[in-house]
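Structure first, commentary second.
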Amino acid sequence: MPSYGFYFAIILVYGAVDAMACLGLNFEFGVAGISNFGFIIFQAMGAYTAAVLSMPNAAHSNGGFQQYVLGWHLPWPLPWIGAAIAGGLLALPFVFLVGKRLRGDFAAVGLLVSAVLLNLLVTNYVPLFNGAAGISLVPAPFQSIWNTQGLGYQFSYGAVATILTIGVYFLVKRLTESPFGRSLRAMRDNDIVADSLGKDLRAQRTSVLILGGMIAGLSGAILVGFITLWAPSAWGYAETIVLFAAIIIGGAGNHKGAVLGAIIVPLGFEEITRYLPPVGNPELVPALEWVAIGLLIVLFLWFRPNGILPERRRILSHDKNDPATLAPPETGDLAREMSAAVPDDLSDDHSDALIKIGNVDRLNFRDLLRLGEPVNDHRVILSTNGLTKTFNGVTVVSDVTISINQGRLTGMIGPNGAGKSTTLAMLAGTLSPSSGQIFYEGRDITSLPSNKRALAGMVRTFQLASEFKKLTVLENLVSAIPHQSGDSFFGALRGKRYWGAEDRANIERAKDVLDGFGLFQYADAYAGGLSGGQRRLVEIMRALLAEPKVLLLDEPMAGVHPNLAHKIGDQLTRLCDSGMTIVMVEHELSLMDAFCDPVIVLAEGRVLAQGTMAELRLKEEVVEAYLVG
């Protein structure tokens, strides 16, 4: 019977370590969208740090057969604290790999290569890490006063590990359920759009990587204190694949799913193989274990990509009159979840027809967007000088010099390939110009990042609908509101008592806008499940809630019902009367006729003409380039 007791104690410790590691990786990958294929080196770093902080001086211990640094022989819990700090510090160099330049698959490959290189370094650099031999005889916590081989010690160790894992679970849950967590999920879904709304991607990724590294480091410290040895061969990059498999199977983005996946994959598979009968080749069982894990990943990605416990849909509207908004999300694939979140009696065609009933006219945009008293002196607020953009030797925009007056709705037209969207992207900072200058409120902002331009009041929409697909419609809107107190790592740590009241007020603002546009019934539906016209409206509403001074709209009315498009046009002109400046790229010339003055015509990347639509129709070069037919 005692042997079973020791077995369960070991299971408790290993389960806590695996669950803690999966929680850290799930926060990085499932919540923030960072594919950290080098995650295992953070765990290894924590384990090594805890070991050497626990060990006595290398020159006076174990006959001097081991080489390592520090050897401070610190009492518990200082080695574990040091391990968490070391894991966080190790994350700092990786911030440059997953900053604004290197993202997605490229960042994943960069992190994986870094993990392999560091493992090779550790394995071969003897003076610092003792090479492939690693470190043995690591002192266990309290071994001088407690029998570490006793059942009581083993269960106590497992209990401490479990308590720390529970603490980590509530920490990542607190962050995920905050406005900061909402911004992380927006970054995961579409980082370019999140950046254009003022989110500091580098700061967000830094916070996520440091916290993930600290969690990994702590899990490594718990493990090395229990097994009392450390060897680099145990921390290969393949171990990260096991953790990824656990998250995919459990449910990426769901912290309970991460814990479940840890129990099923790294813990469950390892224990199952203990009971398999011996075969001729001793390497066969470990190999089959990898085959089984690989098959599980493929099967889940194909048949159940959201895992056993999918990321839950956040209900923000609290509309008790609509049972659909209170229903739990479906557990199938994303398409089924999205369609389940939309009322069944509204197909795409019907819903596009129904959005015209929105009562946009009743909205008080000045209050909702916090515009203050009308200020409209028609000064030049945005201008360019010789703006040029070249892609692989092909000039797309050439020597564009324009001036945009404050309080005007300026249109921009031109044939396909004229450079309209490219010009708009350079104004917003999404693209860097090859040459030329951009001035905003008299200041040269050519080198200013797009997120800082957004915070300064320049907000854009995109030519293709760019909603955050796995955020609800209401979350899409609320995520755009700037200067939220809970939209930072430390603000989120302070909890709902700090940011809750403000967040509820922001949600009410977003609900008012949503209701005015006639889409309130979709408040808690996934934005990726809406029709094309509805997604356009979500993008317009989101841009407005970003509280812009200058709003850059790239074909905002594409797919929107004509009646509603003209209602929105009326509101845009009212916003201009209140001091907002709008630049709108649009192919629908009736909208340009009705609302835009002046209109800039681009052709072959150059400014062809500027004036009212009536004046432009009299210019032969404009008619030939664009208006014929």
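Of note:
- For region 419-434, the residues whose backbone nitrogen is under 19 Å from a point 7 Å from the Cα of residue 399, taken along Cα to Cβ, are 419-420, 423, 433-434.
- Relative contact order for region 109-240, counting Cα pairs under 8 Å that sit 6 or more residues apart, in percent: 44
- Amide hydrogen neighbours beyond the local backbone of residue 584, cut-off 5 Å, H modeled: 410, 411, 412, 553
- Ranked by how many other beta carbons lie within 10 Å on average, peptides 601-607, 574-580 from highest: 601-607, 574-580
- Solvent-accessible ranking of 408, 182, largest area first, probe 1.4 Å: 408, 182
- Table column - 3J(HN,Hα) (Hz), region 204-212, Karplus curve with 6.51, -1.76, 1.60, x for Gly and Pro: 5, 5, 4, 4, 5, 5, 5, 5, x
- For region 153-170, Karplus couplings with θ = phi - 60° (6.51, -1.76, 1.60), whole Hz, Gly/Pro x: 5, 4, 5, 5, 4, x, 5, 4, 4, 5, 4, 5, 5, 4, x, 5, 4, 5
- For the peptides 530-541, 552-563, 41-52, the ranking by packing is 41-52, 530-541, 552-563, with the highest mean count of neighbouring Cβ atoms within 10 Å listed first.
- The local environment of residue 426, defined by Cβ-Cβ distances under 14 Å, has a net charge of +1 under the rule Lys, Arg +1 and Asp, Glu -1.
- Of the solvent-accessible surface of region 481-629, computed with a 1.4 Å probe over protein heavy atoms with every protein chain present, carbon and sulfur atoms account for 48 percent.
- Cα→Cβ-extended label distance, 7 Å offset, between residue 614 and residue 558, nm: 3.1
- By accessible area with a 1.4 Å probe, ligands and nucleic acids excluded, highest first: order of 27, 96, 595: 96, 595, 27
- Cross-link check: pairs 511/567; 199/469; 256/511; 470/567; 452/496 evaluated at a Cα-Cα cut-off of 21 Å; pairs beyond the cut-off: 256/511; 470/567; 452/496.
- Amide H contacts for residue 396 (H built 1.01 Å from N in the peptide plane; partners 5 or more residues away or on another chain; cut-off under 5 Å): 389, 390, 391.
The values are calculated or read from the model by the stated rules, or taken from the named source; none is laboratory data. This structure is a prediction, so every number in the text was calculated from the model and none was measured. Cβ: placed from backbone, ideal geometry, glycine included. Neighbour counts: every protein chain shown. These area figures cover heavy atoms from the full protein model, side chains too; ligands, DNA and RNA do not enter into them. Shrake-Rupley method; radii C 1.70, N 1.55, O 1.52, S 1.80 Å.
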